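The values are calculated or read from the model by the stated rules, or taken from the named source; none is laboratory data. These numbers were taken from a predicted model, which means no experiment stands behind them. Note that each Cβ is placed from the backbone with ideal geometry, even for glycine, and that neighbours are counted across all protein chains shown. Surface areas here come from the heavy atoms of the whole protein model, side chains and all, with no ligands, DNA or RNA. Shrake-Rupley method; radii C 1.70, N 1.55, O 1.52, S 1.80 Å.
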Amino acid sequence: MKDIPAVIKAARIRCGYTQQELGEKLGYAGESANATMRKWETGKTPVPLVKIRPLAAALNLTLDDLIP
């Protein structure tokens, strides 16, 4: 089984984004952007289905990379 939070974090770092920057690219604003990415990267909150495709695009990943 894939460790999706680790995939997200590694891809974010590889792309050179901070949690804040990635969150803003996905439509979150202010502290919500940072908090949301932190929750996704720790596995506390799953990525909402409507954000899977934009997240994959922002991180240059395929959908298969993000879907177990």
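Report, to the nearest whole %, how much of the accessible area of the range 1-51 belongs to carbon and sulfur atoms, 1.4 Å probe, protein only.
Its accessible area is 58 percent carbon and sulfur atoms.
Here the simple spin-label model places points 7 Å from the Cα toward Cβ, and for A35 and C15 these points are separated by 2.2 nm. At q = 0.12 Å⁻¹, what log₁₀ I(q)/I(0) does the range 5-68 have when each alpha carbon counts as one equal point scatterer in the Debye sum? Relative scattering, expressed as log10 I(q)/I(0), comes to -0.23.
Converting phi to 3J(HN,Hα) with the Karplus coefficients 6.51, -1.76 and 1.60 and the offset θ = phi - 60°, the range 47-63 yields 5, x, 3, 5, 9, 4, 5, x, 5, 4, 5, 5, 9, 6, 10, 8, 4 Hz in sequence order, with x at every glycine or proline. Taking the longest Cα principal axis of the chain as reference, the axis of helix 4-15 is set at about 60 degrees. With contacts taken as Cα pairs under 8 Å at a separation of at least 6 residues, the chain carries a relative contact order of 39 percent. Extension gain for the segment K44 to I67, taken as residue separation times 0.36 nm less the Cα-Cα distance, is 6.6 nm to one decimal.
Restricting the trypsin sites (Lys or Arg not before Pro) of the chain to loop positions (DSSP other than H, G, I, E, B) with no more than 16 neighbouring Cβ atoms within 10 Å leaves K2, K44.
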